[in-house]
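Q: Please see the structure below; I have some questions.
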C-alpha cells in the first residue's frame with residue numbers, strides 16, 4: 001500500500017524545478033531590494049565603478065538608482081553646511097598697511113551636475129575635517145588677494161563691494177573641489193597702525209562740523225525767507241497771468257483742432273459714401289455675373305436633357321428593331337437584345353447623373369467666388385477707412401503737440417526775459433538805472449548802425465558859400481557854427497535826463513540866466529565860434545578821393 005502511494009521520479013522532477021525557480025526568483029527580488037539605493041535630500045549618491053563611458057562616477061541628488069553587484073559600488077556625500085572660522089591677521093592692503101579681518105565662511109557640497117562630479121572626484125571618502133582644511137587654505141589665499149587689491153577706506157566703508165569681491169573670487173576656486181560658498185560673515189576689521197580708528201575720529205569731527213554748518217545755514221535761510229516770500233508772491237501773480245494767457249491760447253488751439261476734426265470727419269464720411277457706392281456697383285456686377293452663370297448652367301442642363309432624350313429615342317428604336325428581328329432570330333438574339341437595351345438605359349441614367357453633378361458643382365463654385373469677392377471688397381473698404389482715420393488722428397496729434405511746444409517755448413522765453421529784467425532792475429537799484437545801463441550797453445551798436453548808414457555815401461567835394469558879414473558883423477558861416485554850438489547844451493541835458501549819460505564839460509553847458517545870454521550876445525561870438533567867424537568868406541574844402549568810375553561832382 002505504501003509503495004503504491006510514494007511518488008515516482010517523473011513526478012518529483014517538476015516539483016523540484018518549480019522549487020528551484022521560486023528560490024531563484026526570491027533571491028533576485030532580495031538582490032534588487034538590497035541593491036536599489038535611495039538618495040536622501042541632504043546627501044548625494046555617488047555610484048562608481050562601471051558607469052557610463054567617459055565618466056568616473058554617476059551622481060544623484062534625490063531619487064534612487066540600482067547599483068549592480070560586483071561591477072559597481074556606492075557612497076554618499078553629505079550636503080550639510082560647514083562653518084569655517086578664518087582668523088586672518090596681518091593681511092597687506094593696497095597701501096601696504098596690515099589689516100586684521102576675522103570672518104566666518106559657510107560652505108557646502110554643490111548640487112549642480114558639474115560641481116557634484118567634481119566633488120565625487122575630489123572629496124569622496126574624506127571626513128569633514130579634511131574637507132574644511134582644504135576649503136580653509138583656499139579661502140585664506142583668496143581673502144588675502146582681495147584685501148591686497150583694495151584700500152582700507154574701500155574695505156571699511158564699502159562692505160558690500162568687499163563682500164562681492166570675496167564671493168566672486170572664492171566661488172570659482174571652491175567649485176574646483178566641488179564646494180559652493182553659502183555665506184560670508186565679516187566679524188570685524190582692524191589694523192595694527194590705528195588708521196581705521198583715526199578715520200573714525202575724522203568722520204566724527206566732520207559730522208560735528210557739518211552739523212554746525214547746517215545750523216548756520218538754517219539761520220541764513222531764516223533771514224532770506226522774508227525776501228523769498230515777497231519774490232514768490234510776485235512770481236505767483238506772474239504765474240496766474242501766465243496761466244490765464246495760456247488758457248486763452250489753449251482754448252483757441254482746441255477750437256482750431258475741433259474744426260480740423262470736423263473737416264476730417266466730413267472727408268471720411270465722403271470717402272465712406274464713395275466706397276459704399278463703389279461696393280453697390282460691384283454687387284450689381286457680381287449679381288449680373290451670377291445670373292449669366294446660372295443661364296449658362298441652365299443651357300448646359302437643357303442640352304444634357306436633349307441628349308438624354310435622343311439616347312432614349314435611339315434605344316426605343318433599337319428595341320423595336322430587336323423585337324422585329326426577334327421573330328426571325330432565336331432566343332439567343334432576344335437575350336442579347338435585352339442586354340443591349342439594359343446597357344443603353346444604364347448609360348442614359350449615368351448621363352443624367354453626370355449632368356446634374358456638373359450643374360451643382362458649377363453653381364457652388366460661382367457662389368463661392370461671389371461671396372469671396374464681396375468679403376474682400378468689404379475688408380478692403382474698412383481697412384482703407386481705418387487708415388484714413390488713423391492718419392487724421394496722427395496729423396491732429398502732431399499739430400496739437402507742435403502748437404503746445406511752440407506755446408511753451410514762447411512762454412519760457414518771455415518768462416526768462418521778465419526774470420532777467422527783474423533781476424537787472426533789482427541789481428541796478430531802479431528802472432531808471434537799468435534803462436541807463438541797457439542804453440550804454442547798446443550805444444556801440446547804435447553808433448555802428450549809424451556809421452553803416454552813411455558809410456557808402458560818396459562826396460566828391462564840399463563847397464560852402466558865405467554871403468559876407470551879416471547881423472552883428474558876423475558872416476553866415478560863423479552864425480551857423482554858433483547856432484550849432486548853442487544847440488549842443490540842451491541836447492546834452494536831454495541825454496543826461498533820459499539816459500543818465502554825463503558828457504564832458506568841454507561840450508558846453510546851459511546858460512545860467514537870460515542876462516548872461518544877452519551879455520554873451522553883446523560881446524560877440526563865443527570863444528569856440530570866434531576862430532570860425534574869422535574865416536574868409538568863400539571857403540572850399542579840398543576835393544575828396546573820387547572813385548574810378550563814379551558820377552560827376554556833387555555840390
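Q: Suppose R0 equals 25 Å; then what is the FRET efficiency for residue 250 and residue 224 from their Cβ-Cβ distance, rounded to the nearest 0.05? Before the final figure, lay out each step's value.
A: Numbers: r = 36 Å, r/R0 = 1.43.
According to the calculation, E is roughly 0.10.
Q: In addition: Given R₀ = 45 Å, what would the calculated FRET efficiency be for residue 432 paired with residue 213, taking r from the Cβ atoms and rounding to 0.05?
A: 0.65
Q: Can you pull the one-decimal nm distance between simple spin-label points at residue 411 and residue 13, each 7 Å off the Cα toward Cβ?
A: The two pseudo-label positions are separated by 11.4 nm.
Q: While we're here: Taking R0 as 45 Å, what's the FRET efficiency between residue 273 and residue 241 from their Cβ-Cβ distance, rounded to 0.05? It would help to have the intermediate numbers written out before the result.
A: On the way: r = 49 Å, r/R0 = 1.08.
According to the calculation, E is roughly 0.40.
Q: Something else: How would 50, 374 line up from fewest to most surrounding beta-carbon atoms within 10 angstrom? It would help to have the intermediate numbers written out before the result.
A: Numbers: 50 11, 374 14.
In increasing order of surrounding Cβ atoms, one gets 50, 374.
Q: Mind giving me the nanometre distance, one decimal, between the label points for residue 338 and residue 356, set 7 Å out from Cα along Cα→Cβ?
A: Distance between the two pseudo-spin positions: 2.8 nm.
Q: Full extension from residue 311 to residue 83: what is 0.36 nm times the residue separation minus their Cα-Cα distance, to one decimal in nm?
A: Between residue 311 and residue 83, full extension yields 71.4 nm more.
Q: So if each residue of separation counts as 0.36 nm, and I subtract the Cα-Cα distance between residue 113 and residue 42, what length gain in nm does that give?
A: Extra length available between residue 113 and residue 42 comes to 24.0 nm.
Q: Still on this model: Label segment 231-417 by shape, choosing from rounded, prolate and oblate, from the square roots a ≥ b ≥ c of the eigenvalues of the Cα gyration tensor; if a/c is under 1.5 it is rounded, and otherwise prolate applies when a/b is larger than b/c, oblate when it is not.
A: In terms of gyration-tensor shape, prolate.
Q: Which of rounded, prolate or oblate describes segment 80-163 when judged by the alpha-carbon gyration tensor and an a/c cut-off of 1.5?
A: Numbers: a/c = 2.73, a/b = 2.21, b/c = 1.23.
Because a/c hits 1.5 or more and a/b exceeds b/c, segment 80-163 counts as prolate.
Q: What is the order of 51, 99, 237, 146, fewest Cβ neighbours within 10 Å to most? Write down the numbers at each step before the final one.
A: Numbers: 51 15, 99 25, 237 10, 146 21.
Lowest to highest Cβ neighbour count: 237, 51, 146, 99.
Q: I would also like to ask the following. Compute the length gained on full extension between residue 319 and residue 153: take 0.36 nm times their separation in residues and subtract their Cα-Cα distance, giving the result in nm to one decimal.
A: Computed gain between residue 319 and residue 153 is 47.4 nm.
Q: Mind giving me the nanometre distance, one decimal, between the label points for residue 75 and residue 106, set 7 Å out from Cα along Cα→Cβ?
A: Here the modelled spin labels are 2.7 nm apart.
Q: Using a ≥ b ≥ c from the Cα gyration tensor of segment 187-318 (square roots of the eigenvalues), is it rounded, prolate or oblate, where a/c under 1.5 gives rounded and otherwise the larger of a/b and b/c decides, a/b for prolate?
A: Here segment 187-318 falls in the oblate category.
Taken together, the values in this text are just the output of simple stated rules run on the coordinates, not laboratory data. What you see is a predicted model; the values in this text were computed from it and never measured. Because the Cβ atoms are built from the backbone with ideal geometry, glycine has one as well, and the counts that use them run over all protein chains shown.
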